[in-house]
Every structure is written in structure tokens, then in C-alpha cells.
Amino acid sequence: MAENIKTDSRLTSENARRVLRRDPNPHLFRPITFRGVTARNRIMLSPMCQYSAQDGLANDWHFAHLGARASGGAGFVFTEAVHTEPRGRITPFCLGLWTDQQLALIHL
Ligand SMILES: Cc1cc2nc3c(=O)[nH]c(=O)nc-3n(C[C@H](O)[C@H](O)[C@H](O)COP(=O)(O)O)c2cc1C
């Protein structure tokens, strides 16, 4: 099987060569910088609605959910969709950003 992978013409990039060499420092685990902000690796938590907010306010659940992924090592942690007006929410339990209190609570 490994022989088949080595002869696959799609796997010619430096990254693929690292994987095939069992590089202990593969691309995925290397830092990356966007506009001066550096993430420790390229692993990203996708945004996922938690349906746990009241009045659009972030609470302990959001802090624990996102904080666990960050402390677990993900380089990027995206919040769920955050809505700029109440009528734009997917559900009444989605996060909002139309009051200063909402901003203060989500600005971790
Ligand atoms: C429970 C759940 C909630 C999600 N909520 C959001 C969301 O709030 N905003 C968003 O852009 N995508 C949301 N998604 C989509 C995910 O961010 C992601 O794009 C999707 O799961 C596909 O991921 P993948 O391409 O890594 O398979 C949600 C997905 C799941 C499973």
C-alpha cells in the first residue's frame, strides 16, 4: 500500500513527502500567521451552533466548549455563528452581537 502511495503522481508536494517520511513535524502542526496573529498549528475547530444562549448572550457553556478545544491544542477556535440583529438568528438560542453586553461576554 505504501508503495502505491509513493508512486501516486498527486503526492509530489513537500508536504506529501513529509508525511511519507513520517516527519515528526508535519505541516499540520507548524505555526501559521495571519495578519500578525500566529496560531500554534493549523488545526481548526469549525463553527458549531450550541443553541445555548439566552438573549444572544455567551455563557459558561460557550466558555467551556470553546475553552476546552483551545486548551486541547487547536490552533484556531471558531465560535458559532454570531448574529448582528435578533431577527437574523437561526434560533432564539444563538449568539448575538447587537448589545454591548453581548460584545463584552463573547470577547474572551
Ligand atoms: C451541530 C453543528 C452546528 C453547526 N453550526 C454552525 C454554525 O453555527 N455556523 C457555521 O458556519 N457552521 C456551522 N456548522 C457547520 C460546521 O462548521 C462545518 O462546516 C460542517 O460541520 C462541515 O465540516 P467539515 O467540512 O469539517 O466536515 C455546524 C455543524 C454542526 C455539526
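What follows is calculated from the coordinates using simple rules that are stated; it is not laboratory data. Note that the coordinates shown come from a computational prediction; the quantities given were computed from them, not determined experimentally. Here Cβ is always computed from backbone atoms with ideal geometry, including for glycine, and neighbour counts include all displayed protein chains.
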Put +1 on the Cβ of each Lys and Arg and -1 on the Cβ of each Asp and Glu in region 31-106; which of PRO86, GLY96, THR38 then has its Cα farthest toward the positive end of the dipole? THR38
Gain in length, HIS65 to THR33, computed as 0.36 nm per residue apart minus the alpha-carbon separation, to one decimal in nm? 9.1 nm
What ranking, highest mean first, results for peptides 63-72, 91-100, 21-30 when packing means the other Cβ atoms within 10 Å averaged over each residue? 91-100, 63-72, 21-30
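Report the charge-dipole magnitude of the chain in Debye, nearest 20, computed about the Cα centre from +1 at each Lys and Arg Cβ and -1 at each Asp and Glu Cβ.
Computed charge dipole of the chain: roughly 660 debye.
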Counting only DSSP beta bridges with both residues in region 31-106, what percent are antiparallel, rounded to the nearest 5? 50 percent
Tell me the net charge near LEU45. Cut-off is 14 Å between Cβ atoms, LEU45 excluded, with +1 for each Lys or Arg and -1 for each Asp or Glu. +2
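Just add up the charged neighbours of THR99: K/R +1, D/E -1, any other residue whose Cβ is under 15 Å from the Cβ of THR99.
Around THR99, the charge tally is -1.
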